[in-house]
């Protein structure tokens with residue numbers, strides 16, 4: 001934090017309500033310490049602000065949760081400072097009534113927005129200010145402001161070529177000027193079957209596996225992004241996806257089997273832990289057609305743990 005930035009925070013301190021809490025979600029990512037140092041310094045400059053530390057071991061990246069509900073994944077500096085201060089002071093304009101009504105009348109499933117910015121960008125603060133009211137208007141919207149400089153791998157993952165760039169559910173994107181009317185229209189008219197892994201993960205984190213299963217049953221389709229979550233490296237994510245498949249199988253057994261068949265096509269290319277989970281699902285909701293496939297695992301060079309999972313799956317199928 002530069003001397004000028006410290007002065008900005010100190011001068012704005014009087015306008016921040018007493019008892020303002022910032023939630024700092026720490027993860028194993030090494031940048032957690034850098035964000036934590038910023039929060040510690042901020043609390044020293046703004047006595048009205050307290051920092052609540054949270055353990056985010058199941059998450060990949062650290063972030064600061066602002067009072068207005070916006071997630072900030074970075075260390076505010078340069079042009080990022082003033083929008084951050086505005087959020088602390090509650091200077092977030094309300095969404096217009098027509099947009100709010102449209103949003104709340106038709107929004108589902110939850111929408112995950114990622115806004116990529118940089119401290120040097122003069123247009124990024126305006127994008128943050130325009131989008132923040134969406135979070136206040138609906139609990140189904142998550143907005144994460146990502147510093148592309150501090151998290152360059154995320155910018156590369158989403159092929160970010162310019163800032164500000166807004167990405168919805170890992171698929172839809174807007175660069176430069178932010179048109180809220182267009183964003184609300186796109187958000188409320190999404191095809192749930194086209195949702196990305198991040199959006200489905202948010203649904204599962206809310207404990208809505210049954211609701212997700214119902215959405216797939218209504219459309220008579222296994223959402224492709226669910227298969228990505230079933231092969232995710234983190235166990236809590238896979239567990240939520242597995243529950244959704246089991247719920248789906250209870251609603252429409254044929255779709256459950258379809259999900260298992262699609263998973264089996266990925267079996268050889270996933271880690272042993274994921275193989276064990278696939279075999280578990282085979283035993284829970286699989287059919288006779290899977291017996292020969294599971295037996296082939298026992299005859300392969302798979303690890304002892306994977307073969308044990310295969311034996312248990314065969315016992316359940318019997």
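Read-outs: derived from the displayed coordinates by stated rules, not from any lab. The shown structure was predicted, so the numbers you read here are calculated from the model rather than taken from an experiment.
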Checked against the structure, the computed P(r) over Cα pairs in 20 Å bins from 0, in percent among (1) 30, 61, 9; (2) 32, 56, 11, 0; (3) 29, 50, 20, 1 is the one labelled (3)
Once you have all Cα-Cα distances for segment 1-190, histogram them in 5 Å bins from zero and send the whole-percent values. 1, 8, 17, 20, 21, 17, 11, 5, 1, 0
Rounded to the nearest 10 degrees, the helix 124-137 long axis (Cα) sits at an angle to the longest Cα principal axis of the chain of 60
Using Cα-Cα distances under 8 Å and only pairs 6 or more residues apart, what relative contact order does segment 37-159 have, in percent? 29
For segment 212-231 and segment 121-174, what is the separation of their C-alpha centers, rounded to whole Å? 26
Pick from 224, 197, 17: which is most flexible by mean-square fluctuation in a GNM of the chain where alpha carbon atoms under 10 Å apart are linked? 17
Full-stretch length increase - residue 218, residue 316 - with 0.36 nm per residue and alpha-carbon distance subtracted: 32.4 nm
Classify segment 71-116: rounded, prolate or oblate, from the alpha-carbon gyration tensor (a ≥ b ≥ c, eigenvalue square roots; a/c under 1.5 rounded; otherwise prolate if a/b is larger than b/c)? oblate
May I ask you to derive the relative contact order of the chain, considering only C-alpha pairs under 8 Å and at least 6 residues apart, and to give it as an integer percent? 11
Measure nothing fancy, just the Cα-based angle from helix 97-106's long axis to the longest principal axis of the chain, in degrees from 0 to 90, nearest 10. 10
Gaussian network model of the chain, Cα springs within a sub-10 Å range: biggest mean-square fluctuation belongs to which of 241, 213, 105? 105
Looking only at segment 1-150, where both bridge partners belong to it, what percent of the DSSP beta bridges are antiparallel (to the nearest 5)? 25
Run through every distinct alpha carbon pair of segment 193-317 and return the Kirkwood hydrodynamic radius in angstroms, one decimal place. 14.4
Helix 209-219 against the longest principal axis of the chain: what's the angle in degrees, Cα atoms only, rounded to the nearest 10? 70
Projected area averaged over all directions for the convex hull of the alpha carbon atoms of segment 66-178, nm², comes out at 6.6
From the Cα gyration tensor of segment 1-109, with a ≥ b ≥ c the square roots of its eigenvalues, which class applies: rounded if a/c is under 1.5, or else prolate if a/b is larger than b/c, or else oblate? oblate
Yeah, segment 1-43 with a ≥ b ≥ c from its alpha-carbon gyration tensor (a/c under 1.5 is rounded, else prolate when a/b outruns b/c, oblate otherwise) is oblate
How much of the DSSP beta bridge set in the chain is antiparallel, as a percent to the nearest 5? 45
Among 177, 292, 32, residue whose mean-square fluctuation peaks in a GNM of the chain (springs only between Cα atoms under 10 Å): 292
Helix-only mean residue ellipticity at 222 nm for the chain, each DSSP H run of n ≥ 4 adding -39500 (n - 2.57), per residue, nearest 500: -15500 deg cm²/dmol
